[in-house]
Amino acid sequence: MKKKIALFMACICASSALFACGKQNSIESNTEVSDTSDTVEEKETTEDEVKDEEVKDEEATEQAAPTYAITSVAAEGYDNFTGKVECVQITDNNHPQLQTAVDDLFSEMVTSFNQSAESMNEEAVEQNNEMKEYADEDEDYEYYEMSYSRDITVEVIRSDSKVFSFLIYDYSFTGGAHGMTDALGYSFDVATGKQLEIEDFADKEAISETAISYIISTIDESDELAKSNLYSDDATGEYAENIREAFEGDFYPEYYLSNTGIVFIFQQYSIAPYAAGILSFTVPYSVIEGFNEAYIPDDGFYSMELSNQGFVENFDVNNDGELEKVYLINDYEEEQAQYRLVVGDSSVSDELEEYGFAYGYYIHASDGNYVLVSNDGINTLYSVADGIKELGTVEIEGKVVKEIKDGEIVFAEITFTDDGSGWENPEVHKYSKLGLE
C-alpha cells in the first residue's frame, strides 16, 4: 500500500501522536502581560479614547514579528521511495494574510511532492526490474535494489515586522553518482502577505546592473582559493559570463531578502562545478539605488553563516555606515592546513586538523560585532568591531552550532532518523565583549 503525505493540514498538525515533527523555531512576541488583579478606580471611556486604543492595537500588530514553527512529515508505504517535506506555519493570529499565503504555498508544495513520490516510486520499481533482468542474464553483474528519494527542507532567514523570508532546499536522488539540490528563495510582506518580487524593491534594470557589477566585483576581491572553485575555461564558460546570462531579460537567479541585502542564488553547475555546491552572494541594500525602505530591516540582532567557499561578504563591522570585507578561507596548500579569517585589513589564522574544516558565523549583536569560527569542536569567538580580537574558545566534542542568539550560542548534537534530522542535548554558552563563557 502506498501512503501519501497528507495535504497541508497534516503538515501543520500539532499532535505528535499523528506526525513526527522536525525542528521548531519561534520568535517570541514583545507582548507584555500586565497584572490587573488590583482594584482600580472606574472611569468613563470616551469614543475617541476607544478609537485611540484600537489604532494602538493595530499598530502593535503591524509592528510585531510573526511567530512560526517548522514541522516535518515523512512519506510512508512506498517500496522504492523515501522522502519528507518540511512545512512552515505562522503560529500567531496577528498576521492572517501572511498566514494564508504561507499555508497556500506549502499546500501546493505538498501536493506536488505527493505526485512526485508516486511517479518516482514507479520509475524506481521499473528500473530495479530492468536491472534484475540484466543481472539474471549476466552473472558478473551484481544486482542491488535501489530507491529514489526526495527531501524538501526549510531554513527561515528573516522574520521581523517587515519581511518573512525563507529558503527551500529541494533534494532528489534518482540514481547515479549523487543527487541534486535546488535552492528556492521566498520573501513575503509581513503586513499584507504578498509574495515579494524584484519590482517591489526598486527599478528592475537598476537592480540587475547593480547585482551583476557587485557580484563580479565581490568575486574579484575574494581569495584566489575561493575563485578557484568557479568555472574559468572554454569548456565550462567563464563565471562572469554565466553570471551576466543569469540576469538577462526578465530572468533573475533565485533570490530572497536577508538582514543585510538581496541574496542571489546560483544553483549547482551554474557558475561552478557540483563539488562547489550552491553559491550565493548578498547585494547590500545600501548599494541599490532607490531600494524600498519598507523592506529594509531596523537595526537589530542577526547572525549569518559566512561563505563556506571563502568568498567575500561585506558588513558594517564598525557601525560607521561603511562596508568592510569579511571572509573565512580554509587553506590546505601549505604544509599545515589552516583557516584564515580576514576582516578589512586585519587577519588571523589558526591550524586545522588534517581533514578539518572551519565554519564562520558573522554576529551583529546588541553590544558589538563578532565572528564565531567553529572547527572540529573547537569554537573561537572574535570581536571584529575594531580589528580582530580573540575573546575566548570553548571545546565541545560531538556538537555543532544549532542557534545563535543575542548574547548566547546554542550547541547541540545532530540526530538523523527516518523522519529527518533533529537536535539533542543542547548546551548554551554566553558571549559578550568580555569573552565567551
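Read-outs: derived from the displayed coordinates by stated rules, not from any lab. Because the structure is predicted, anything quoted here is derived from the model rather than measured. With ideal geometry, Cβ positions are generated from the backbone for all residues, glycine too; neighbour counts draw on all protein chains shown.
The mean sequence distance of close C-alpha pairs (under 8 Å, at least 6 residues apart), as a share of the length of segment 199-294, puts its relative contact order at 32 percent. With neighbour counts taken as other beta-carbon atoms within 10 Å, the residues 231, 382 rank, fewest first, as 231, 382.
Would you mind checking the pairs 84/402; 325/389; 402/433; 325/399; 84/405 and listing those with alpha carbons more than 24 angstrom apart?
Long pairs (Cα-Cα over 24 Å): 325/399; 84/405.
A simple rule links phi to the HN-Hα coupling: the Karplus curve 6.51 cos²θ - 1.76 cosθ + 1.60 with θ = phi - 60°, which for segment 314-319 gives 10, 9, 8, 5, 9, 6 Hz, with x for Gly and Pro. Sorting the segments 94-100, 353-359 by their residues' average number of neighbouring beta-carbon atoms within 10 angstrom, most packed first, yields 94-100, 353-359. Our note on the geometry: Cα centres of segment 324-402 and segment 115-165, 37 Å apart.
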